Structure formats: C-alpha cells, structure tokens
Amino acid sequence: MSSDEFNKVKGKKTFIPFEDRLAIVRSLKCVDQVFREDCWEQKRDDIPKWNASIIGMGADWEGRFDDLSDLCRVVYLPRTSEISSTELKRLLKVLDQRHVQDLKSALDIISSLIQTFE
C-alpha cells in the first residue's frame with residue numbers, strides 16, 4: 001500500500017492517513033499481508049520478500065504491473081461503482097478535526113463489534 005509520502009510523489013492527496021488505511025486493508029479476511037510502498041521499483045523486491053502469491057491493484061492500473069506476473073498473480077480490482085471517491089473527498093473537506101476524530105471513534109467501535117461477532 002502506498003505511503004502518504006509516495007502518494008504525494010504520484011500527485012495524489014491522501015485523505016485517510018496511511019496507518020488508518022493499513023488497518024482497514026489488514027482487517028479484510030482475504031488479505032494476509034500488507035506492505036508499505038515508498039517507491040515505484042519496490043514491488044519487484046517486496047513480492048519475494050513477503051512471499052506474496054497474489055498482488056492486488058486498482059483497475060485504474062490495469063496492465064501496468066503485468067511484468068510482475070513472473071513473480072506472482074497480479075489481480076486488478078474493480079472500483080466500487082456506487083461509491084464516488086470524488087464525492088467522498090468533497091464531503092470530507094467540510095469536516096473539521098473534531099468531526100474526523102468522532103468518525104474515527106465510530107469506526108473503531110464498529111470494527112470492535114464486527115470482530116466480536118466473527
């Protein structure tokens with residue numbers, strides 16, 4: 001997963017901090033390992049280092065990482081059609097820090113409840 005600093009290099013603004021994104025992705029049952037990405041060239045070294053058999057990328061990167069298929073299976077994940085990241089970013093811009101902390105607390109509670117019932 002791209003670090004906040006690497007996202008800046010790629011011209012992307014991070015709305016959810018790396019540690020929070022990391023926790024979200026790690027909580028997915030289908031994910032065994034998440035590794036931090038700090039540069040473009042890193043994937044070729046990280047795949048054997050972490051013994052990755054599958055690497056997932058957003059569908060917007062379709063074909064750009066096919067060269068890694070000699071190391072593992074490369075899967076391009078479709079975007080969720082009902083969720084607009086542009087709209088989410090617009091909504092998040094109006095929140096002040098107190099709102100963000102309240103949302104984070106609510107998500108922590110929801111996460112705890114989900115783990116309780118799994």
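See the values below:
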read-out: Count - residues of region 14-24 that are out of contact with any helix residue (DSSP H, G or I) (no Cβ under 7 Å at 6 or more places or on another chain) and either surrounded by 12 or more Cβ atoms within 10 Å (Cβ to Cβ) or assigned to a loop (DSSP other than H, G, I, E, B) (or both); value: 6
read-out: Residue in region 71-79 that is over 17 Å from the mean Cα position of the chain (by Cα) and not in a loop (DSSP other than H, G, I, E, B) present; value: yes
read-out: Of all residues in region 45-60 being surrounded by 13 or more Cβ atoms within 10 Å (Cβ to Cβ) and of a type outside the set (Gly, Ala, Ser), the one that is nearest to the chain's Cα centre (by Cα); value: Met57
read-out: Pair list, Cβ < 8 Å and 6+ apart or interchain, from region 88-116 residues that are in contact (Cβ under 8 Å) with a residue 12 or more places away in the chain and surrounded by 10 or more Cβ atoms within 10 Å (Cβ to Cβ) to residues that are aromatic (Phe, Trp, Tyr) and not in a helix (DSSP H, G or I); value: Leu88/Phe15; Lys89/Phe15; Leu92/Phe15
read-out: Residue check for Arg64: assigned to a loop (DSSP other than H, G, I, E, B) and either in contact (Cβ under 8 Å) with a residue 12 or more places away in the chain or among the hydrophobic types (A, V, I, L, M, F, W, C) (or both); value: no
read-out: Flag if Lys29 is surrounded by 11 or more Cβ atoms within 10 Å (Cβ to Cβ) and either assigned to a helix (DSSP H, G or I) or modelled with pLDDT under 90 (or both); value: no
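The values are calculated or read from the model by the stated rules, or taken from the named source; none is laboratory data. Computed from a predicted structure; not experimentally measured. So basically every Cβ, Gly included, is an ideal-geometry build from the backbone, and we count neighbours across all protein chains shown.
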